[in-house]
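A.B. asks: Please see the structure below; I have some questions.
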């Protein structure tokens with residue numbers, strides 16, 4: 001089932017992504033103030049949305065793992081957590097490139113930039129704990145992911161609350177229809193790709209968990 | 001639309017040889033200004049494209065690296081599975 | 001109600017121990033004074049706008065370090081005498097253990113922040129603007145310290161179980177508590193500038209504190225108490 005799901009999602013992403021690129025560059029008007037460089041927006045913003053969604057999924061799954069000792073939730077939390085790193089890296093690298101072209105400086109220490117970097121750091125810590133931590137750190141890492149997901153509303157409200165150079169969260173509503181339609185057209189393949197990657201990683205993690213259990217049962221039959 | 005570019009600041013030579021017609025409404029200063037604006041626009045577009053290439057290149061590289069990482073994990077998983085089934089068949 | 005009584009009882013016991021031996025407070029205050037001396041030497045020549053912009057960072061940077069120092073020692077007694085498991089199986093609410101530790105940690109951090117504030121006021125005349133609204137300042141310091149300790153105490157308790165010693169500071173604590181410190185930084189800047197909305201910023205700090213405290217009480221038991229059926233070993237991958 002999971003295999004079919006991620007195959008479909010990744011196929012959809014592979015077919016849709018070139019169409020989205022064509023639409024962004026050929027069928028969408030150039031923004032008057034920023035010029036051609038604004039085209040980064042159509043992939044930077046969906047990546048940021050996917051990062052926040054993946055962080056919430058990871059945090060909620062971690063909470064379920066803590067409360068119910070669910071190993072499925074543990075696998076989902078880790079899968080979504082790793083995808084936060086991938087999307088977060090994309091956001092944190094494409095953002096400064098866009099900023100360099102429009103603001104003249106790649107990093108302005110504004111609230112949203114800092115809190116996005118913090119979310120990325122929290123999930124770096126989570127993945128580090130999961131991969132490098134001793135046996136028994138799974139629960140500590142899950143606690144970390146649950147707290148990390150709390151950072152998402154902070155990022156959302158940071159722009160509204162603090163003085164910032166970053167566009168506000170209402171910017172999508174103020175775009176002309178041709179631009180926001182393209183934004184959602186570009187969101188679909190990115191979301192499909194991100195969901196597909198989470199599903200693949202979940203599948204691999206579940207297989208590894210089962211393999212771990214088999215190894216443990218073989219080395220110590222009494223524990224099984 | 002084509003124009004003959006002339007230096008309107010210089011007077012026409014006397015005697016009528018090498019006569020030329022001055023273009024009305026197009027002076028050198030405005031043409032230079034136009035060229036400057038075009039050059040700036042071209043530089044901005046070139047810079048924009050450079051930024052876009054970097055941004056898209058990074059996106060693709062990061063995602064590709066993660067896919068490679070996942071592929072390596074799957075390869076290792078298969079190897080572990082093979083060693084487990086080898087061990088099981090030996091015992 | 002019973003949980004609250006137990007929390008206060010445990011906190012009173014810990015505070016009494018602390019007052020008797022000054023284990024955490026002495027280390028934290030000593031660190032505070034050293035940091036103040038460094039600030040005095042390093043930023044003594046700053047004046048005006050530059051100094052006003054630096055003061056919030058000085059305060060919350062030292063609180064961050066003092067806080068982590070206090071948090072690592074919060075469960076030190078239990079870890080040294082290996083009594084944490086005994087505490088967990090004692091007939092007290094587990095949340096009361098967390099509440100007591102968070103309360104003690106907050107008291108220590110607030111005390112250190114108070115010393116830091118007094119030191120900054122003594123060293124830099126510009127810091128006087130902070131004390132123009134003392135109630136707001138007190139609320140800010142208590143709220144931010146509570147939020148910081150609320151997160152930290154959960155992960156500090158994991159230290160007491162001796163399986164993850166050393167990972168707390170660098171990896172876990174700072175990224176998680178940085179949003180609290182950022183909110184506190186903005187509120188402190190508003191207080192120094194005499195901003196009309198300073199009270200709103202302090203309110204935001206308290207909102208974050210309540211949010212983190214709720215999350216901490218929600219996950220504390222699950223993070224700290226090992227589930228009997230849970231795995232205790234993992235194959236090295």
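A.B. asks: Calculate the spin-label point distance for residue C:133 paired with residue C:81, positioning each point 7 Å from the Cα along the beta-carbon direction, and give it in nanometres.
C.D. replies: For residue C:81 paired with residue C:133, the spin-label model returns 4.5 nm.
A.B. asks: Using a Gaussian network model on chain C with a 10 Å cutoff between Cα atoms, which of C:62, C:54, C:145 fluctuates the most?
C.D. replies: Looking only at C:62, C:54, C:145, the largest GNM fluctuation is found for C:54.
A.B. asks: Hey, what does the equivalent ellipsoid look like for chain C, semi-axes from the Cα gyration tensor as sqrt of 5 times each eigenvalue, largest first, whole Å?
C.D. replies: Over the Cα atoms of chain C, the semi-axes work out to 34, 18, 17 Å.
A.B. asks: Rg and Dmax of the stretch C:38-121, using alpha carbons, in Å: what are they?
C.D. replies: Over the stretch C:38-121's Cα set, Rg and Dmax evaluate to 17.9, 57 Å.
A.B. asks: With springs only between Cα atoms under 10 Å apart, run a GNM on chain A and tell me which of A:115, A:77, A:58 wobbles the most.
C.D. replies: Highest fluctuation among the options: A:115.
A.B. asks: Using a 10 Å cut-off on Cβ to Cβ distances, tally the other chain neighbours for every residue of B:58-67 and report the average as a whole number.
C.D. replies: Partner-chain Cβ atoms within 10 Å, mean over residues of B:58-67: 6.
A.B. asks: Then there is this: Which values of log₁₀ I(q)/I(0), to two decimal places, follow from the Debye formula for the stretch C:90-142 at q = 0.15, 0.20, 0.23 Å⁻¹ with a uniform point scatterer at every Cα?
C.D. replies: Those come out to -0.53, -0.74, -0.86, one per q.
A.B. asks: Rounding to the nearest 10 and keeping the result within 0 to 90°, find how far the Cα-based axis of helix A:177-219 lies from the longest principal axis of chain A.
C.D. replies: 10
A.B. asks: In Å³ and rounded to a whole number, note down the convex hull volume per residue for the Cα atoms of the protein assembly as shown.
C.D. replies: Looking at the protein assembly as shown, the number lands at 229 Å³ per residue.
A.B. asks: Angle, helix A:71-102 long axis vs. longest principal axis of chain A, Cα atoms, 0 to 90°, nearest 10?
C.D. replies: Computed tilt is about 20 degrees.
A.B. asks: Would you mind calculating the relative contact order of chain A from Cα pairs under 8 angstrom and at least 6 residues apart, reporting the percent as a whole number?
C.D. replies: 34
A.B. asks: Before anything else, pin down the relative contact order of the stretch C:2-221: Cα pairs under 8 Å, at least 6 apart, normalised by residue count, whole percent.
C.D. replies: 27
A.B. asks: Right, something else. Springs between alpha-carbon atoms under 10 Å, Gaussian network over chain C: tell me which of C:188, C:83, C:72 tops the mean-square fluctuations.
C.D. replies: Looking only at C:188, C:83, C:72, the biggest GNM fluctuation is shown by C:83.
A.B. asks: Counting only other chains, what is the mean number of Cβ atoms within 10 angstrom of the Cβ of each residue in peptide A:146-154?
C.D. replies: Mean inter-chain Cβ contacts per residue within 10 Å come to 5.
A.B. asks: When each pair of different Cα atoms in chain A is counted once in the 1/r mean, what is the Kirkwood radius in angstroms, to one decimal?
C.D. replies: Averaging 1/r across every pair of different Cα atoms and inverting gives 18.9 Å.
A.B. asks: Using a Förster distance of 45 Å, how high is the FRET efficiency between residue A:25 and residue A:216, based on the Cβ-Cβ distance and rounded to 0.05?
C.D. replies: So the FRET efficiency works out to roughly 0.30.
A.B. asks: May I pose another question? Sorted from largest down, give the three principal axis spans of the alpha carbons of the stretch A:1-117, whole angstrom values.
C.D. replies: 53, 37, 15
A.B. asks: Let me ask another. Enter the Cα centre distance for the pair the stretch A:66-129 and the stretch B:22-70, rounded to the nearest angstrom.
C.D. replies: Comparing the Cα centres of the stretch A:66-129 and the stretch B:22-70, I get a distance of 29 Å.
Read the figures in this text as sums done on the coordinates, not as results from a lab. Remember, predicted model here, so these are calculated numbers, not experimental data. Because the Cβ atoms are built from the backbone with ideal geometry, glycine has one as well, and the counts that use them run over all protein chains shown.
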